[in-house]
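> Can you keep this structure in mind? I'll have questions shortly.
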Amino acid sequence: MLTRVVALLGATLLAGCANAPLQYPDLDDAYSASPATELSATAFFPQTDYQCGPSALATLLHTSGLREADPDALSEQVYLPGRQGSLQTELLAASRRAERVPYVLEPELADLLTEIQAGNPVLVLQNLQLPRWPQWHYAVVIGFDLEAGEVILRSGEEYRQVMSLRRFERTWQLGDYWALVITAPDAVPATARPQRYLQAALALEQQGRVEPARKAYHAAANHWLDSPLGPMALGNLAYQEDDYSEAERQFGAAIERAPEAPAGHYNLAWALARQGQREAALAAANRAQQLAPAHSRYAAAVTTLSEALD
């Protein structure tokens with residue numbers, strides 16, 4: 001019945017970036033004040049054969065505050081013997097089971113460097129061989145030195161692997177620039193975009209991790225004060241929990257942030273109707289229809305609520 005303003009991310013698929021120009025030559029001077037950063041306190045879990053996924057995941061979970069993160073235990077969740085490795089979808093699901101928010105970065109080298117500067121190590125997918133004969137590998141980027149043209153990784157059995165920026169980006173490009181940061185539910189990644197972050201939080205909710213999702217929605221609402229998405233997500237959750245007064249409050253907050261967005265008025269209408277406030281509900285539904293007259297759902301709500309008043 002309610003309008004969802006975010007949709008659950010589908011399975012992560014490789015998108016074909018391998019022929020695009022490398023990004024590192026075009027980095028601007030945004031990092032001139034801090035051209036070198038290394039998160040030297042990042043945990044290290046040496047990787048045995050084919051166990052790079054569990055080890056890299058344990059590194060990020062440990063950094064997010066789960067000090068008990070253990071690659072052997074995670075291996076049972078993410079390692080696929082038939083593939084001799086782990087898929088991105090398994091890493092995301094295991095992160096949510098740990099009640100953390102896995103956020104897939106935009107395929108931008110600048111975003112990766114920004115996360116490192118913000119103190120967030122980044123899990124990356126690399127192809128260490130050729131497109132036709134891939135050797136997939138997960139590693140964790142923990143630092144960079146732009147003047148030296150290098151990145152620093154926790155990779156395999158190497159505690160501190162130094163790789164040229166060009167070589168790193170090429171292997172990462174062959175992995176279609178797939179990169180992941182993992183945060184506690186009350187923290188927002190440095191490069192997060194509202195819609196993309198709320199998608200990640202919604203996936204937590206739909207996996208049954210309601211309280212971490214709620215914290216993430218609050219974090220979004222407090223982080224992006226001009227966006228209605230956080231309050232809308234909180235309102236949807238409250239509505240599902242039959243807390244219609246809280247749903248009303250959150251949808252009202254969403255409307256304050258985006259008064260011309262019809263979804264907030266539409267959802268508010270149903271929260272009011274559930275509380276027996278039928279005239280106010282009809283007024284909210286009418287406003288939604290006025291803002292989006294071609295939307296059949298809004299017109300149907302007006303009809304339904306009008307009939308309820310007769």
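> Give me the percent relative contact order of segment 225-309, please, defined on Cα pairs under 8 angstrom at least 6 residues apart.
Working: 114 pairs, mean separation 19.3, N = 85.
In percent, rounded to a whole number, it is 23.
> How high is the relative contact order of the chain, in percent, with contacts defined as C-alpha pairs under 8 Å that are six or more residues apart?
Numbers: 548 pairs, mean separation 53.0, N = 310.
Here the relative contact order equals 17 percent.
> About its Cα centre, how strong a charge dipole does segment 24-183 have in debye, to the nearest 20, once Lys and Arg get +1 and Asp and Glu get -1 at the Cβ?
Using only the charged Cβ atoms, the result is roughly 440 debye.
> Sorted by packing (mean other beta-carbon atoms within 10 Å per residue), highest first, where do 158-164, 198-204 land? The partial results should precede the final answer.
Numbers: 158-164: 14.9, 198-204: 23.7.
By packing density, highest mean first, the sequence is 198-204, 158-164.
> Calculate for the chain the 222 nm mean residue ellipticity that helices alone would give, adding -39,500 (n - 2.57) per DSSP H run of length 4 or more and normalising by residue count, nearest 500 deg cm²/dmol.
Working: 12 runs with 142 residues, N = 310.
Rounded to the nearest 500, it is -14000 deg cm²/dmol.
> How would you rank Ile116, Ile182, going from fewest to most other Cβ atoms within 10 Å of each one's own Cβ?
Details: Ile116 24, Ile182 31.
In increasing order of surrounding Cβ atoms, one gets Ile116, Ile182.
> Gain in length, Ala294 to Ala118, computed as 0.36 nm per residue apart minus the alpha-carbon separation, to one decimal in nm?
Numbers: separation 176, 0.36 × 176 = 63.36 nm, distance 4.41 nm.
Between Ala294 and Ala118, full extension yields an extra 58.9 nm.
> At a 10 Å Cβ-Cβ cut-off, how would you order Arg196, Arg214, fewest neighbours first? Present the calculation step by step, with values, prior to reporting the outcome.
Details: Arg196 16, Arg214 19.
With the sparsest Cβ surroundings first, the list reads Arg196, Arg214.
> Highest mean first, what order results for 273-284, 289-300 on Cβ atoms within 10 Å?
Numbers: 273-284: 17.1, 289-300: 14.7.
Those peptides, ordered most packed to least, come out 273-284, 289-300.
> List, in order, the whole-Hz ³J(HN,Hα) value for each residue of segment 130-143 obtained from phi through the Karplus relation with A = 6.51, B = -1.76, C = 1.60 and θ = phi - 60°; use x for Gly and Pro.
Residue by residue, segment 130-143 yields 10, x, 6, 10, x, 10, 6, 7, 9, 9, 10, 7, 10, x Hz.
> Using the Cα centre as the reference, give the magnitude of the dipole from point charges on the C-beta atoms of the chain (Lys, Arg: +1; Asp, Glu: -1; all else neutral), rounded to the nearest 20 debye.
Details: 23 positive and 36 negative charges, 114 e Å.
Result for the chain is approximately 540 debye, rounded to the nearest 20.
> Could you tell me which of rounded, prolate or oblate describes segment 174-310, using a ≥ b ≥ c as the square roots of the eigenvalues of the alpha-carbon gyration tensor, with rounded for a/c under 1.5 and, failing that, prolate when a/b is larger than b/c and oblate otherwise?
On the way: a/c = 2.48, a/b = 1.97, b/c = 1.25.
Because a/c hits 1.5 or more and a/b exceeds b/c, segment 174-310 counts as prolate.
Each reported figure results from applying straightforward, stated rules to the coordinates on display, with no laboratory input. All values reported here derive from a predicted model rather than from experimental measurement. When we count neighbours, we look across all protein chains shown, and the Cβ atoms used for this are built from the backbone with ideal geometry, even at glycine.
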